[in-house]
Amino acid sequence: MLEILFILLPLAFYSGWRTAYKKKRSSQTVGAEVSPRFVQGINFLLNEEPDKALDVFLETPSLDAQAAETFLALGKMFRNRGEVNRALRLHQHLVARPDLTNAQRQTAMLALGEDFFAAGLLDRAESVFNELLKTYPKNTAACIPLRRIYEQLHEWEKALALTEYSVTDKTERIQLMAHYLCEQVEELLAKNQLFQVDEKLKKALNIYPQSARVQTLLAELALARGERAAALKYFRQALTYDQRLLNSLVKRLLTVFTQPVELQQLYEVVSTEYRRKPDSKMLPALASIAQAIGQGGSLSPIMHQHLQHELGNVQTLACVARYLTTEANSTHTLAELSLALGRLSSTLPPFQCAHCGYKLHEYVWRCPACHHWDSVQSQ
Ligand SMILES: [Zn+2]
């Protein structure tokens, strides 16, 4: 409750001063009654009786700009503290009041929608945000939370329509639209509705031709139609657009392409992609495919190259160690591996705070991130 004191007391004093000032200027001032009730509300807050405080605030006969702003700040604070019911009560009351300015009403509606969202009442939040957009079409602040709701509800078509007209950044817009179409495609693929899959993918391809996800789904559509060569072509295109996909795709690729000829083609595709743009993170997947076709030794030069010259990470070093243990000259490999591990470990912070997880290169008695004493330990 202490923070409420710090936030509201200056406002209360200001409000009191202003009311007195108004009273002096006009004997019929509307603010004359506000100040004592306001202070009474503050007292209830300070006594940890927020519901009584709310009752007092909500009975305020008329709101001036300052009081409305204060109520909005109070409602936001209730929500941030997890007291969503109180925030809802306050914002519902504000939205229903006739004496708010247009700007205050829009802020109150937005806050009310966020309260419903925080309370998990997504349909109520959706209707408030939609009402806000309908009443004030130029206020697009509701578009982002509304999109978040549609994403949570898997209402991809609505998310798509909203994105098309509300996201001004072109890159973000086409990425989001392609993802929403891809989400629909995955649902349709699961139901084997291939015609609709085809339609959606054409649309997605048109919106975002360089999307690796669209290419992966084109490959899945080709597989569903039994067109395996075309599927491999699309997978290859997906890797060209985003090499990082390889590690998540390799399991699927090795399940789908099981014939020796196909595996050989797959190996060609992945090793060509590696040569085009070498990235040590591809090594585990490349090694899996090489082993599947019985070409365990063919990657030795690449693996030695990695040990000698690249930093890599724990996963790639583990893969290389596994791969090279079968070699005849294992003493030489062990020496290379030892050097590579030394290089990698010198880059890793040896200490970590047990309280907040902050990593450090030097030992200190007090964590610089969370300020706990004696919480730093060796990793
Ligand atoms: Zn810490």
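The values are calculated or read from the model by the stated rules, or taken from the named source; none is laboratory data. Note that the structure is predicted; figures quoted are calculated from it, not measured. Don't worry about glycine lacking a Cβ; one is built from the backbone with ideal geometry, like all the others, and counts go over all protein chains shown.
Restricting attention to the stretch 54-82, the residues that are surrounded by 15 or more Cβ atoms within 10 Å (Cβ to Cβ), modelled with pLDDT of 85 or more and charged (D, E, K, R) add up to 2. Looking only at the stretch 298-313, decide whether some residue is in a helix (DSSP H, G or I), of a type in the set (Asp, Glu) and away from the ligand (no atom under 16 Å from the Cβ). Looking through the stretch 298-313, none of the residues is in a helix (DSSP H, G or I), of a type in the set (Asp, Glu) and away from the ligand (no atom under 16 Å from the Cβ). All told, Leu263 falls short of being in a helix (DSSP H, G or I), within 25 Å of Leu311 (Cα to Cα) and of a type in the set (A, V, I, L, M).
Inspection of the stretch 367-375 identifies no residue that is touching a strand residue (DSSP E or B) at 6+ places or on another chain (Cβ under 7 Å), among the polar types (S, T, N, Q), touching a residue at least 24 places away in the same chain (Cβ under 8 Å) and within 16 Å of the ligand (Cβ to nearest atom).
In the stretch 222-240, the residues that are outside the structural domain of Leu188 (by TED's automatic domain parsing) and crowded, with 16+ Cβ neighbours inside 10 Å never reach a residue that is modelled with pLDDT of 95 or more and among the basic types (Lys, Arg) with C-beta atoms less than 8 angstrom apart, at least six apart or across chains.
Of all residues in the stretch 268-294, those being under 17 Å from Cys319 (Cα atoms) and either among the hydroxyl-bearing types (Ser, Thr, Tyr) or not in a loop (DSSP other than H, G, I, E, B) (or both) number 16.
Going residue by residue through the stretch 209-218, is there one that turns out to be loosely packed, with under 13 Cβ neighbours inside 10 Å and among the basic types (Lys, Arg)? No: zero hits.
Output the residue which, of all residues in the stretch 18-53 that are assigned to a helix (DSSP H, G or I), among the β-branched types (Val, Ile, Thr) and modelled with pLDDT under 50, is surrounded by the most Cβ atoms within 10 Å (Cβ to Cβ). The residue in question is Thr19. Which of the residues spanning the stretch 347-363 are in a loop (DSSP other than H, G, I, E, B), surrounded by 12 or more Cβ atoms within 10 Å (Cβ to Cβ) and either modelled with pLDDT of 95 or more or near the ligand (Cβ under 10 Å from one of its atoms) (or both)? Within the stretch 347-363, Ala354, His355, Cys356, Tyr358 meet the criteria. Among the numbered conditions (1) within 13 Å of the ligand (Cβ to nearest atom); (2) surrounded by 12 or more Cβ atoms within 10 Å (Cβ to Cβ), the only one that Arg343 does not meet is (1).
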